[in-house]
Structure formats: structure tokens, C-alpha cells
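Working notes for the structure below.
The values are calculated or read from the model by the stated rules, or taken from the named source; none is laboratory data. Bear in mind that the values here come from a model prediction, so they are computed numbers and not experimental data. Because the Cβ atoms are built from the backbone with ideal geometry, glycine has one as well, and the counts that use them run over all protein chains shown.
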Protein chains: 2
Amino acid sequence: MTPKAVVLLSGGLDSATALAIAQGAGYACYALSVDYGQRHSAELLAAERVARHLGVCEHRVVHLDIGQFGGSALTDSRIPVPEAQAEGIPVTYVPARNTVMLSLALGWAEVLDAEAIFIGINAVDYSGYPDCRPAFLMAFQALANVATKRAVEGRTITIEAPLLYLSKAEIIRVGERAGVDYAQTISCYQADAAGRACGRCDACRFRAAGFLEAGIPDPTHYADASLSE
Amino acid sequence: MTPKAVVLLSGGLDSATALAIAQGAGYACYALSVDYGQRHSAELLAAERVARHLGVCEHRVVHLDIGQFGGSALTDSRIPVPEAQAEGIPVTYVPARNTVMLSLALGWAEVLDAEAIFIGINAVDYSGYPDCRPAFLMAFQALANVATKRAVEGRTITIEAPLLYLSKAEIIRVGERAGVDYAQTISCYQADAAGRACGRCDACRFRAAGFLEAGIPDPTHYADASLSE
């Protein structure tokens with residue numbers, strides 16, 4: 001039987017690449033998106049497009065109102081999204097987001113009897129986020145090894161983060177080869193309702209620099225047409 | 001400044017006791033309930049009553065549709081709730097539930113700058129649940145130690161499970177002293193809309209036996225009046 005994997009799919013560049021890698025590795029993929037009250041809900045539409053294009057077995061969206069906790073520029077409209085990178089942990093950090101999303105994936109993986117969970121976290125460009133670090137990933141794997149029925153029965157669920165040590169340019173090159181259509185993805189922290197990127201936030205700047213370095217034309221739809229190639 | 005704690009509050013006997021213990025320990029308590037599509041939504045009303053009675057700083061309910069994953073008698077109406085305990089992991093186990101709930105608590109704790117998270121898990125009566133075991137708790141603590149902004153800044157969030165090694169009778173005695181009104185709590189896996197317990201499921205039987213052993217009159221409202229004291 002084809003092994004199953006749950007893939008966390010945000011609609012951004014990284015998670016689309018993680019999905020393509022999981023499919024290339026032979027997993028039957030179950031995409032999971034979490035609507036956690038992020039400002040950029042255009043991302044969820046992007047996730048649907050990517051899931052359809054890459055042909056997943058199933059795509060589920062879990063609605064979760066953690067935006068009510070506040071504390072992040074991505075869920076609290078009173079905190080402005082910065083246009084230049086500041087020192088330390090960015091205000092776009094959503095408290096415990098990856099912990100929550102991996103937990104949800106773990107629950108679905110258990111029900112599906114899946115062998116793996118794929119997450120597109122990256123320690124290079126997002127070193128400011130505590131839950132994008134290798135130490136976080138190892139701790140979550142250790143948790144998964146004791147937290148589930150499957151684990152008690154001696155079969156673990158492997159947490160796979162294939163992009164962990166890749167640069168943005170490397171991610172883009174890998175994804176291109178694996179069939180990702182990056183025009184379908186949205187990385188912008190404040191994309192407009194039509195899914196067009198601002199071109200100015202951290203996420204936009206990392207992404208644009210990645211395409212430039214990879215030597216691949218940037219297919220991003222920018223609100224400011226002068227930024228488009 | 002009074003230290004803050006997030007307390008996971010289900011409306012059941014155990015979590016009400018954990019809340020009373022957290023308050024007794026001097027924490028300013030922030031109660032968090034998760035509406036995960038459990039059949040026994042009467043529990044959420046019970047959580048509100050308990051939170052009001054014990055006087056928390058704030059009570060939040062997060063809505064989360066993990067019931068869509070299925071796999072548990074508590075969220076999937078096609079799986080019957082058993083009336084006698086079977087071997088192994090019960091069908092009332094909700095995949096990754098405590099992992100998900102602790103993750104949500106971790107996110108709120110981070111925003112509140114809370115020092116602790118209280119959870120009423122218990123390794124004695126619920127040894128069949130993988131995520132009620134000491135090994136699970138230790139693994140989640142290790143995760144919390146690397147997963148948050150607060151942790152990166154050198155201040156951890158302690159996961160407190162004060163009921164972990166107590167019997168149901170001991171929990172009830174501790175809670176009585178700490179001011180819990182157990183008539184407000186609901187433990188039944190299939191309570192009716194009026195919040196009355198079936199008296200027959202595992203949760204009802206553990207609870208009734210606990211009151212009996214503690215020598216404290218059982219204040220539970222049973223649907224079958226002949227079960228009430």
C-alpha cells in the first residue's frame with residue numbers, strides 16, 4: 001500500500017515545495033491548511049489551487065480562531081506589518097503557530113494511519129522564528145513519538161522538514177524541478193483580496209531575492225505592476 | 001506582579017480541580033476551553049459555570065473543527081460510546097487532543113506572558129490514553145522549552161499537571177477543599193442537552209466510583225433519576 005503523508009499547506013512558496021517533494025518521494029498526500037485568522041486569507045485560495053494542481057488525495061481546511069489571542073501582526077490588525085526587517089523575533093511571528101499546526105497534522109495523520117508529516121519550515125531565511133529551528137523540530141518529533149496511539153503501538157510518525165537547511169533560491173530550484181507552479185503561490189504577509197503581493201514586506205523581499213538568485217523569472221503577481229517582471 | 005497561568009478547562013471534574021489548584025497556588029488564571037466538536041457540548045456550558053464560580057481573570061473558547069478528522073467516539077457520531085471498558089486504547093480517545101490543546105494554551109500563554117499552563121490529565125484512571133502519560137507530559141515540556149519566543153529569551157513556560165498521579169477519589173478530596181462545586185461539572189461522554197449524565201459510560205463510572213471512595217455525596221445530575229443520591 002502506498003504510504004500516506006499529511007502535508008501542511010499554507011499556499012505559500014515553501015509549503016507548495018514541501019508538497020511536491022512529498023509526492024516525488026512516493027507518498028499519497030493529504031494536504032492540511034489551517035485558517036487561523038491570518039490577514040492574508042488569499043493564501044487559503046492559493047493552497048486550494050496548489051493542492052488541485054499537484055493532485056493531492058484530499059485537502060482539508062481547519063478553522064481555528066487563535067487570532068483572538070492577538071500578539072502577532074499576522075492576526076492582529078492593530079499591529080502593522082513591517083516593511084523592513086528588525087532585530088530579534090519578528091512581529092509577524094504567530095505564537096506557537098507551528099506547534100499548533102503540527103499538532104493538528106498529528107491528529108489527522110493518526111486517523112489516516114499516515115507515516116509522515118511534511119512541513120515547509122526553513123531555518124535559513126526564518127531564523128528569527130523560534131518554531132522554525134532544528135531544535136524545535138527535534139522536540140516535536142520526540143513528542144510525536146509518545147503522543148499517539150500509533151506510537152504506543154510501536155509505529156512512529158516521522159516529521160519531515162525537507163526545506164530546513166535550504167536557501168530560498170535552492171527551495172525554488174527544487175520546486176521548479178518537482179513541478180510547482182509558483183505563480184499559484186502567495187507569500188506576501190498582506191496580499192490584497194485579488195491575491196496580489198505588496199512587494200515590500202519581509203516575505204515578499206525574501207521571495208523576490210530567491211527568484212533572482214535562482215535565476216528563475218519571478219511569477220509573483222504584484223499589486224504594484226512596476227515590480228512584476 | 002501576580003504570576004499568570006493558562007488553565008485548560010473542559011468543564012469536567014479533573015480540569016475544574018486543576019483550576020482550583022492553580023488559583024490556590026496564587027496564579028492569576030486564564031481559562032481556555034476548546035470546542036473541538038465533542039458530542040458533549042454541555043461540557044462547554046459547564047466550563048463557563050466553573051470559570052465564573054471560581055473567578056478566573058478571563059475565559060476563552062477556541063472553536064476547532066477537528067471532529068472532521070473522525071477517529072473518535074467523542075467527535076464521530078457513527079462510533080458508539082461504549083458502556084464497558086475494553087482492553088487497550090479506548091475508542092473515546094481523540095487523536096492528538098491533548099497535544100492540540102496544550103499547543104493552543106502555549107500560544108495564549110506566550111501572548112499573556114504567563115509562567116505556567118495547567119492541565120488536568122491523569123495517568124491513573126486514563127492510562128489507556130497515550131497523551132495522559134508522564135512521558136507525554138515530559139515531551140511536551142521539552143517542546144515548550146524550545147518552541148516559544150519566551151523560551152528563546154530564557155524564560156520557560158512550565159506545564160503543570162497536578163492530578164497526574166492522583167486517584168479519582170484523591171482528586172475529588174483535593175477539589176472539595178479547594179472550593180470546586182462538582183455539581184457544576186460534567187464528565188459524561190454523552191451528557192444530554194440539559195447536561196444530565198448517562199451514568200453508564202466509562203467517564204460516568206470512574207466519576208461515581210471516585211465520589212463513593214472519597215466518601216463524598218455524588219452531586220452529579222443523572223438522566224436516570226434512580227442513579228442520583
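If you filter the stretch A:130-150 down to residues that are within 21 Å of B:PRO95 (Cα to Cα) and among the small types (Gly, Ala, Ser), you find that the one that is modelled with the lowest pLDDT is A:ALA147.
Restricting attention to the stretch A:94-129, the residues that are out of contact with any Ser or Thr (no Cβ under 6 Å at 6 or more places or on another chain) and at pLDDT below 85 add up to 7. For the stretch B:206-227, the condition holds for no residue, the condition being that it is outside any loop (DSSP other than H, G, I, E, B), in contact with a Phe, Trp or Tyr (Cβ under 8 Å, 6 or more places away or on another chain) and either modelled with pLDDT under 95 or aliphatic (A, V, I, L, M) (or both). Taking the stretch A:184-194 as the range and being of a type in the set (A, V, I, L, M) and either buried (at least 23 other Cβ atoms within 10 Å of the Cβ) or modelled with pLDDT of 95 or more (or both) as the test, the residues that pass are A:ILE186, A:ALA191. Residues that are part of a helix (DSSP H, G or I), surrounded by 19 or more Cβ atoms within 10 Å (Cβ to Cβ), under 19 Å from the mean Cα position of the chain (by Cα) and of a type in the set (Asp, Glu) are absent from the stretch B:172-183. Annotation: B:SER10 fulfils all but one of (1) modelled with pLDDT of 90 or more; (2) polar (S, T, N, Q); (3) outside any loop (DSSP other than H, G, I, E, B); the unmet one is (3). Note on the stretch B:112-159: residues that are in contact (Cβ under 8 Å) with a residue 24 or more places away in the chain, crowded, with 17+ Cβ neighbours inside 10 Å and assigned to a loop (DSSP other than H, G, I, E, B) total 12. Among all positions in the stretch A:32-44, there is no residue which is buried (at least 24 other Cβ atoms within 10 Å of the Cβ), within 10 Å of chain B (Cβ to nearest Cβ), over 20 Å from A:PHE118 (Cβ atoms) and of a type in the set (A, V, I, L, M, F, W, C). For the stretch B:121-141, a residue qualifies if it is under 14 Å from A:ALA96 (Cα atoms) and within 8 Å of chain A (Cβ to nearest Cβ), and exactly one does: B:PHE140.
The rows are residues; the columns are (1) at the interface with chain B (Cβ under 9 Å from one of its Cβ atoms); (2) surrounded by 24 or more Cβ atoms within 10 Å (Cβ to Cβ); (3) within 25 Å of B:GLY67 (Cβ to Cβ); (4) at pLDDT below 65.
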{"site": "A:GLY55", "(1), (2), (3), (4)": "no, no, no, no"}
{"site": "A:ARG60", "(1), (2), (3), (4)": "yes, no, yes, no"}
{"site": "A:GLU83", "(1), (2), (3), (4)": "no, no, no, yes"}
{"site": "A:ILE89", "(1), (2), (3), (4)": "yes, no, no, yes"}
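Scanning the stretch B:164-186 for residues that are under 22 Å from B:ASN98 (Cβ atoms) and polar (S, T, N, Q) yields a count of 2.
On inspection, A:ILE172 does not qualify as among the β-branched types (Val, Ile, Thr) and within 14 Å of chain B (Cβ to nearest Cβ).
Scanning the stretch B:151-161 for residues that are more than 9 Å from every other protein chain (Cβ to nearest Cβ) and not aliphatic (A, V, I, L, M) returns B:GLY154, B:ARG155, B:THR156, B:THR158, B:GLU160.
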